[in-house]
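Notes follow the structure.
The values are calculated or read from the model by the stated rules, or taken from the named source; none is laboratory data. Source: prediction; values computed, not measured. Cβ sites come from the backbone with ideal geometry, for glycine too, and all protein chains shown count toward neighbours.
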Amino acid sequence: MAKVTLIAYSDYLCPWCYNAAVRLRRLVAEHGDRVEVDWRSYLLRPRPNPSRTLEKFRAYTESWQRPAADDDSAEFRVWQSEAGPPSHSIPPHLVAKAAMALGDESFHRMHDRLLRAYFYENRDITSDDTLRELWLECELPEADLERSKDPVVLQQVLREHKEALEHGATGVPAVRVDGGAGIIVGAQPYSLYERWVGRLGEASSPAE
């Protein structure tokens, strides 16, 4: 079976993206070298909203119980801390890109850490202090966190968001095959991702 590369557009403030991350991580773990996932940025909240209060945000997180009830779901906890509300989507994406510059392993460590910190530990992943703490918890070189402030990194995040829209992503998670035209929007069941990858791998395998 030929290798399949999935491009996944995601936002760190999206609970359904957390579920998709769990399922796609399992897909890679179970299919080894036959599939890889290229995570790219999507911005549900591209700009800060100063009118958003902690009380309103805490009430909003009650809705996390819906993705938590899904099969193959991530771990969620309705907001209990005094941190937040999160400002906007860009800060965690910048830090994730800074980790990506250090290699795939560093990126995946930070990617998973950001999601769990927000949705289960109730930590504000748009706070500079929290992002620094998470960076150090991932045992990444402290000096390399400065990469997140590079304007080139911000342009990459914005470019990936624009790319997602051009491919028809009306929300996230949104997944497409590298080189393909179609895109699947929404956190799909694990079985769908598995069947999709299986069919694609067989179709692209050279004929014997």
Exercise for review: For residue 153, indicate whether it is in a strand (DSSP E or B), in contact (Cβ under 8 Å) with a residue 24 or more places away in the chain and closer than 25 Å to residue 105 by Cβ.
Suggested key: no
Revision key, fill the gap. Residue pairs qualifying under the 6 Å Cβ cut-off, at least six apart or on distinct chains, with the first in the range 77-105 being touching a residue at least 40 places away in the same chain (Cβ under 8 Å) and the second being among the basic types (Lys, Arg) and not in a loop (DSSP other than H, G, I, E, B), are 79/58; 98/147; 101/147
Point to revise | Test result for residue 195, among the basic types (Lys, Arg), at pLDDT below 95 and either farther than 24 Å from residue 57 by Cβ or in contact with a strand residue (DSSP E or B) (Cβ under 6 Å, 6 or more places away or on another chain) (or both) | key: yes
Practice item. Scan the range 62-106 residue by residue and report those that are surrounded by fewer than 19 Cβ atoms within 10 Å (Cβ to Cβ) and part of a helix (DSSP H, G or I). Key: 62, 63, 65, 66, 68, 100, 104, 105
Point to revise | Filter result (closer than 16 Å to residue 192 by Cβ and either at pLDDT 95 or above or assigned to a strand (DSSP E or B) (or both)) within the range 29-54 | key: 35, 37
Point to revise | Cross-chain or 6+ apart pairs with Cβ under 9 Å, the range 121-135 first and closer than 9 Å to residue 91 by Cβ and in a helix (DSSP H, G or I), then of a type in the set (Asp, Glu) and modelled with pLDDT under 95 | key: none
